[in-house]
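For reference, the structure discussed in these notes is given below.
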Amino acid sequence: MIQKIDKTVEFLKSKIDYVPEIAIILGSGLGKLADLIEDAKIIPYEEIPNFPRTTVAGHEGKLIFGTIKNRRVVAMKGRFHYYEGNEMDSVVYPIRVFRRLGIGNLIVTNAAGGINTGFKPGDLMLITDHISLFCENPLRGENINDLGPRFPDMTVAYDKNLRALALESAGKLGIDLKSGIYSYCKGPSYESPAEIRALRNMGADAVGMSTVPETIVARHMGMRVLGISCITNMAAGILDQPLNHEEVMETGKQAEKKFSELVCAIIENWR
């Protein structure tokens, strides 16, 4: 694993001559932020040694290095999901590469279904915690001590100072940034109404099929994590209508401007 990761790292070092301060994972329908990256160096996933391939609509499969608000960043325009048939090691592989490259900060975003009935499609939710009970843990198996401890602490998976910065930035922009708990489910089928009721009783405010594996590995390796969900639809049973991926993509596009403004403001004031 270390040899594979380091081969990828060496390839990326041959393409760039700096270490980005922040890595960003862009969720379904939220890829427009990548267009705001200046001095962009775009590397298709298929050119990167050992990188998986993305197969989902709305995930283009490009790694983009550059700057946002004069801060060096790298953005994943397209992520990997367990439901695509990937093993968990592949899902979280980019996070391990970023950390071995020297990046200490991660912004992870996603499109999510709203469980909290106070939410509506188009809202942005700051992730305060997650429920990972249905997640195949990406740390399963022999621990690689060079990557992190056997039993990493998840008491504060999402950095308190970064959450405060996000709320401050949203307030200055006049964005009503919600806060809540994100629950992971494996997908690709959407959850049933009974499952959503169960998740609500457990305390979940939103549900999706990503983010938690990446966060677990990022914390395992000592990265600071900030998570933001775009509520693209209400979860099954909240409204009397079926769910579809087209709705997720369309609502994501409608929220792009607000989402991009918020993330840019957070990056500008990063501390």
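The values are calculated or read from the model by the stated rules, or taken from the named source; none is laboratory data. None of the values given here were measured: they were computed from a predicted structure. Cβ coordinates were reconstructed from backbone atoms using ideal geometry, including for glycine residues, and neighbour counts include every protein chain displayed.
Data table
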{"item": "Hey, Leu106 surrounded by 24 or more Cβ atoms within 10 Å (Cβ to Cβ), more than 18 Å from Met1 (Cβ to Cβ), at pLDDT 95 or above and of a type in the set (A, V, I, L, M) or not", "result": "yes"}
{"item": "Residue selected from region 109-124 under the condition assigned to a strand (DSSP E or B) and in contact with a helix residue (DSSP H, G or I) (Cβ under 7 Å, 6 or more places away or on another chain), by the criterion modelled with the highest pLDDT", "result": "Leu124"}
{"item": "Neighbours by Cβ (under 7 Å, 6+ apart or cross-chain): first from region 245-261, more than 13 Å from Gly27 (Cα to Cα) and assigned to a helix (DSSP H, G or I); second of a type outside the set (Phe, Trp, Tyr) and modelled with pLDDT of 75 or more", "result": "Glu247/Thr232; Glu247/Asn233; Gln254/Gly122; Lys258/Leu124; Lys258/Ile175; Glu261/Leu173"}
{"item": "Looking only at region 200-234, and only at residues there that are of a type in the set (Lys, Arg) and over 14 Å from Leu139 (Cβ atoms), the one that is farthest from the chain's Cα centre (by Cα)", "result": "Arg200"}
{"item": "Strands (runs of 3 or more DSSP E) enclosed by region 125-237 - at least 2 residues per element that are modelled with pLDDT of 95 or more and surrounded by fewer than 18 Cβ atoms within 10 Å (Cβ to Cβ)", "result": "none"}
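Conditions (1) hydroxyl-bearing (Ser, Thr, Tyr); (2) out of contact with any strand residue (DSSP E or B) (no Cβ under 6 Å at 6 or more places or on another chain); (3) within 24 Å of Ala265 (Cβ to Cβ), marked per residue:
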| site | (1), (2), (3) |
| --- | --- |
| Lys7 | no, yes, no |
| Ala34 | no, no, yes |
| Tyr45 | yes, yes, no |
| Ile48 | no, yes, no |
| Glu84 | no, yes, no |
| Met88 | no, yes, no |
| Gly104 | no, yes, yes |
| Phe119 | no, no, yes |
